[in-house]
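Below: one structure, written as structure tokens.
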Amino acid sequence: MAAFTDTLFQIVAVLFPFILRTIFITRLGSEYLGLNGLCTSILGTLNIVDFGVDAALKYRLFKPVSEKDWKTTGVYLNYIRKVYFFIGLVILLAAIVVMPFLQNLIKSDIPSGINIYVIFACYLLQTVLSYWFFNYYQLLFYANQQKNVVDLSRMASFIVTYLLQFIAVYKRHFYLFAFMQVLFPLVFGILLRCNARRKYCEIILTGNLEEEEKKSIWKDTFAVGLFKIRTISRNTLDNTIISAFLGLVILANYNNYSIIAVVPYMMCMIITSALAPSIGNYQVTESKQSIYHIFTLTYLLQLFVIGFASVCYYELIQNFILIWLGIDFILADSFVLIFTVQIFFVCVSNYFSMLRETLNLWQRGKWMAVLEILLNLVLNILLTKLIGLSGIVLATVLTVAFINMPTDFYVIIKKYFGETPIWALISIILIILGCVGSVFIINAIMTSIPIIKYWTYLIKIFITFTVTVTVLFLALLPLKTFRELIGIVVGFIKKHDKIFF
């Protein structure tokens, strides 16, 4: 059920922003779109003040929830509620300090007649309310392996908000569009609150944690925060740097590619999101050896999906942007190549981040995260000045590939599970070789097919899907664990053949 609702939510999360972006470009223009992206990025950066406290607290909820100790659960949720209120207050004050400097973060292209401070205030209100309006209840559902409740609530909130934003953009009311952002945390919070009261009426948010427990939480929170800063330095900070160095139009074009990149990220997140609650529960009830076996299987499954998604993105994105928006919005092929490599490595990193969270391994390797943050920031600025837009993507690729991934391999596979990470490295090499081979084969086939307008693109989609699945399958087939994974998948399909056939 969780996998189904997560897939449904991810489809909505991709489809609705895509439709909205299309209307946005045609009705308002790239400058407005770039301003929208900049405000989102600034507040995403300010979200650093929560320092990942939710991840540290989510881990502690697994045990009382699995034991149905609702009194202890209520104490934790009461503490989380207070922390969230404080975080929202700090973000509010920090944003007020940042507001006078907004003009300095935009190189050019500010839409005429638009007060950027009013727009920013709307986005700020959305962010603050997401902490103040019952958001903390989602941690309860995650801990009880009921992520589907969170997904359905978020999906309903998305639909309500986006439908109203469609109307606002179509009518060219940018102020109204920005104000509609506020609806999302309100609807989401109300739905979470109603579901929590209905399913967990025994839980009362009262009581206080012991001081030692609070110290332990904030010790983990500090470590989680370093990893969160790392993620921000990869994502939201990029938009701010692009706006400051290259302008809002370039930022809007970059975000056109980023929003489609949500599709491969979505494909990978379906697996990690479905696994996280289960592994979090297993680490309380099962042996480390059992968890390691699950890890080996899901790691290969994730690599297969990551490889498939990356090849599809690389092969199909340029034609898609051309059909969707036109030739004026196409970016260089060199950028697409580097951006695809970034998708691949970040997806692998996200998988290991899920393991860190569910196994509470934030204390290990945290200073390497600091090194990655600093190096990524320096490379972002230097490479953007040297080679433009591709530079900011290349910075992420270099830091993830040479700092983040080796650290995760060592901390999780070597130190936590006590196993050699060589097999994991070999698996990635095989997938990369499979991706490169798929690209060469697909391009070789396409050169012999005459161009027949949109039919050529449909043919390319079919060829890309077929070739990539086949080549990646053959690339991983020598691995014993992958053959075991195939047996599990085949057995699952046979068991549920009425659903599939």
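The values are calculated or read from the model by the stated rules, or taken from the named source; none is laboratory data. Everything quoted here is computed from the prediction, not taken from an experiment. Neighbour counts are summed over all protein chains in view; Cβ atoms, including those assigned to glycine, are modelled from backbone coordinates with ideal geometry. All accessible areas refer to the heavy atoms of the entire protein, side chains included, with ligands and DNA or RNA removed. Shrake-Rupley method; radii C 1.70, N 1.55, O 1.52, S 1.80 Å.
Is it the case that segment 139-149 has a residue that's under 30 Å from Val378 (Cα atoms) and open to solvent by 60 Å² or more (accessible area, probe 1.4 Å)? Scanning segment 139-149 turns up no residue that is under 30 Å from Val378 (Cα atoms) and open to solvent by 60 Å² or more (accessible area, probe 1.4 Å).
Go over the candidates Leu375, Leu383, Leu361, Leu394 one by one and state the one that is open to solvent by 60 Å² or more (accessible area, probe 1.4 Å) and either without any contact (Cβ under 8 Å) to a residue 60 or more places away in the chain or over 21 Å from the mean Cα position of the chain (by Cα) (or both).
Working: Leu383 fails: open to solvent by 60 Å² or more (accessible area, probe 1.4 Å); Leu361 fails: open to solvent by 60 Å² or more (accessible area, probe 1.4 Å); Leu394 fails: open to solvent by 60 Å² or more (accessible area, probe 1.4 Å).
None of the other options fit; the residue is Leu375.
Starting from segment 185-201, keep only residues that are in contact (Cβ under 8 Å) with a residue 24 or more places away in the chain, then list their pairs with residues that are basic (Lys, Arg) whose Cβ atoms are within a distance under 8 Å, requiring at least 6 positions of separation or different chains. If the second residue must be basic (Lys, Arg), the pairs left are Phe188/Arg154.
For segment 71-93, which residues satisfy the criterion of being hydrophobic (A, V, I, L, M, F, W, C) and more than 25 Å from Leu359 (Cβ to Cβ)? Across segment 71-93, the qualifying residues are Phe85, Phe86, Leu89, Val90, Ile91, Leu92, Leu93.
Take the residues of segment 438-471 that are small (Gly, Ala, Ser) and farther than 13 Å from Tyr314 by Cα: which is modelled with the lowest pLDDT? Filtering first and then ranking leaves Ser448.
Would you mind stating whether Val262 is open to solvent by 10 Å² or more (accessible area, probe 1.4 Å), modelled with pLDDT of 75 or more, under 19 Å from Val400 (Cα atoms) and part of a helix (DSSP H, G or I)? Yes; evaluated as a whole, the condition is true for this residue. Looking at segment 137-163, which of the residues that are of a type in the set (Ser, Thr, Tyr) and at pLDDT below 85 is farthest from Asn195 (Cα to Cα)? For segment 137-163, the residue satisfying everything is Tyr162.
Determine if segment 441-459 includes at least one residue that is open to solvent by less than 20 Å² (accessible area, probe 1.4 Å), touching a Lys or Arg at 6+ places or on another chain (Cβ under 9 Å) and not hydroxyl-bearing (Ser, Thr, Tyr). Scanning segment 441-459, I find at least one residue that is open to solvent by less than 20 Å² (accessible area, probe 1.4 Å), touching a Lys or Arg at 6+ places or on another chain (Cβ under 9 Å) and not hydroxyl-bearing (Ser, Thr, Tyr), so the answer is yes.
Condition check: modelled with pLDDT under 80 and surrounded by 18 or more Cβ atoms within 10 Å (Cβ to Cβ). Does Leu77 satisfy that? Against the criterion (modelled with pLDDT under 80 and surrounded by 18 or more Cβ atoms within 10 Å (Cβ to Cβ)), Leu77 does not qualify.
Taking the residues in segment 326-358 that are of a type in the set (S, T, N, Q) and within 22 Å of the chain's Cα centre (by Cα) as candidates, determine which candidate is farthest from Val249 (Cα to Cα).
Restricting attention to segment 326-358, the residues satisfying the condition of being of a type in the set (S, T, N, Q) are 334, 340, 342, 349-350, 353, 358.
When the remaining residues are screened for being within 22 Å of the chain's Cα centre (by Cα), the result is 340, 342, 349-350, 353, 358.
Numbers: Thr340: 21, Gln342: 22, Ser349: 30, Asn350: 29, Ser353: 33, Thr358: 40 Å.
It comes out as Thr358.
Give the number of residues within segment 325-345 that are in contact (Cβ under 8 Å) with a residue 12 or more places away in the chain and over 11 Å from Leu394 (Cβ atoms). Show your work before the answer.
As a first pass, look at segment 325-345 and keep what is in contact (Cβ under 8 Å) with a residue 12 or more places away in the chain: 325, 329-345.
Filter once more, so that each one left must be over 11 Å from Leu394 (Cβ atoms): 325, 329-333, 336, 340, 343-345.
Of the residues in segment 325-345, 11 are in contact (Cβ under 8 Å) with a residue 12 or more places away in the chain and over 11 Å from Leu394 (Cβ atoms).
Somewhere in segment 397-415, is a residue touching a residue at least 40 places away in the same chain (Cβ under 8 Å) and over 30 Å from Lys219 (Cβ atoms)? Among the residues of segment 397-415, at least one is touching a residue at least 40 places away in the same chain (Cβ under 8 Å) and over 30 Å from Lys219 (Cβ atoms), which makes the answer yes.
Of the residues that sit in segment 429-440 and are open to solvent by 10 Å² or more (accessible area, probe 1.4 Å) and of a type in the set (A, V, I, L, M, F, W, C), which one is nearest to Pro406 (Cα to Cα)?
We begin by selecting, within segment 429-440, every residue open to solvent by 10 Å² or more (accessible area, probe 1.4 Å); these are 429-430, 432-433, 435-437, 439-440.
Now drop any that are not of a type in the set (A, V, I, L, M, F, W, C), which leaves 429-430, 432-433, 435-436, 439-440.
Numbers: Ile429: 14, Leu430: 17, Ile432: 16, Leu433: 19, Cys435: 21, Val436: 22, Val439: 26, Phe440: 28 Å.
The extreme case among them is Ile429.
Looking at segment 404-422, is at least one residue open to solvent by 60 Å² or more (accessible area, probe 1.4 Å), closer than 30 Å to Glu357 by Cβ and hydrophobic (A, V, I, L, M, F, W, C)? Yes: one or more hits.
For segment 287-306, what are the residues that are polar (S, T, N, Q) and either crowded, with 16+ Cβ neighbours inside 10 Å or within 18 Å of the chain's Cα centre (by Cα) (or both)?
The initial filter retains those residues of segment 287-306 that are polar (S, T, N, Q), namely 287, 289-290, 296, 298, 302.
Listed by number, the residues that qualify are Thr296, Thr298, Gln302.
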